[in-house]
1. Show me the helices (runs of 4 or more DSSP H) found entirely inside the range 60-118 where at least 1 residues are within 19 Å of Leu176 (Cβ to Cβ).
2. So Ala228 passes all but one of these: (1) in contact with a helix residue (DSSP H, G or I) (Cβ under 6 Å, 6 or more places away or on another chain); (2) of a type outside the set (S, T, N, Q); (3) part of a loop (DSSP other than H, G, I, E, B). Which condition number does it fail?
3. Given (1) touching a residue at least 40 places away in the same chain (Cβ under 8 Å); (2) of a type in the set (Asp, Glu); (3) assigned to a helix (DSSP H, G or I), identify the lone condition not met by Asp182.
4. If Asp182 satisfies every condition in (1) under 13 Å from Lys133 (Cα atoms); (2) out of contact with any Asp or Glu (no Cβ under 9 Å at 6 or more places or on another chain) but one, which is the exception?
5. Is one or more of the residues making up the range 244-256 of a type in the set (Asp, Glu), in contact with a Gly (Cβ under 7 Å, 6 or more places away or on another chain) and either touching a residue at least 12 places away in the same chain (Cβ under 8 Å) or part of a helix (DSSP H, G or I) (or both)?
6. Please list, ordered by first then second residue, the pairs with beta carbon atoms under 6 Å, 6 or more apart or interchain, first in the range 154-179 and on the phi > 0 side of the Ramachandran plot, second buried (at least 19 other Cβ atoms within 10 Å of the Cβ).
7. For the range 137-156, enumerate the residues that are out of contact with any Gly (no Cβ under 8 Å at 6 or more places or on another chain), over 15 Å from Leu176 (Cα atoms) and of a type in the set (Val, Ile, Thr).
8. Being among the charged types (D, E, K, R) and closer than 20 Å to Glu46 by Cβ is the filter; apply it to the range 63-90 and report the residue that is surrounded by the fewest Cβ atoms within 10 Å (Cβ to Cβ).
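The values are calculated or read from the model by the stated rules, or taken from the named source; none is laboratory data. This one's a predicted model, so the numbers in the text were calculated from it and none came from an experiment. Don't worry about glycine lacking a Cβ; one is built from the backbone with ideal geometry, like all the others, and counts go over all protein chains shown.
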Amino acid sequence: MLSKRIIPCLDVRDGRTTKGIKFKENVDIGDPVEMGRFYYEQGADEIVFYDITASSDRRPIMLDVVRRVAETIFIPFSVGGGIRTLEDMREVLLAGAEKVSVNSSAVQNPDIIRQGAEAFGNQCIVLGMDVKKVGASGKIPSGYEIVINGGRTHMGIDALWWAREAERLGAGEICLNSIDADGTRTGYELELTRLISTSVRIPVIASGGAGEPQHLLDVFEQGCADAALIASMVHYGTYTIGGIKEFLSQKGIGVRGSW
């Protein structure tokens, strides 16, 4: 069985790491370069960097910050936010990222997934999905809707359909973020995670809601996730990556590295 990955997430706004609750009330919590290096040294399996206002501000991603983070870590590095074209992907990869994450732009132009997969390989293309529970309907049979532009725009697209479509187009991985759970520290959205994880063949990263190590155990065992994004629980020093991995290992979950 493949080891489960623990992935700290750096949401970056105006060049600084920030954290909010349900995509609102963001506060400044530090320098992304220093934080990336700190988590790398703690034993993170990967780092995810999101320029969270690039799409809504309709501006390019902050490549200078991407370069500085990439220079300090030696683990896989995924970057998202404001990536709209094949050239945007190329620039991010040349700046030091191993993977590019497309979210709003992929919903608006799904062919960018296919183009990216053909140019750089499926393993480089991550589909970011921001999802809100809205209740099942004829238009949204799964009860989960895709929302873009940092949670501002409801798209009327069913999340399960979109996950399968993105896989068909060539996405190599899905980062699944529950807007309802984001920043709450009350646990991942297990129903949503299980729905998507068991319906596609590509890896699914659970995101949104982690507050304690038990939540990661739950999303691996009950949500069937391949990896878990964490933010608040390590950003504020409540837990360390090593401590989380030790807890999971004691519970029988395969994790990478030592602590």
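1. Per the criteria, 104-108.
2. (3)
3. (3)
4. The number of the failed condition is (2).
5. no
6. Note: pairs meeting the criteria are Gly170/Ile113.
7. Thr153
8. Taking the candidates together, the pick is Glu71.
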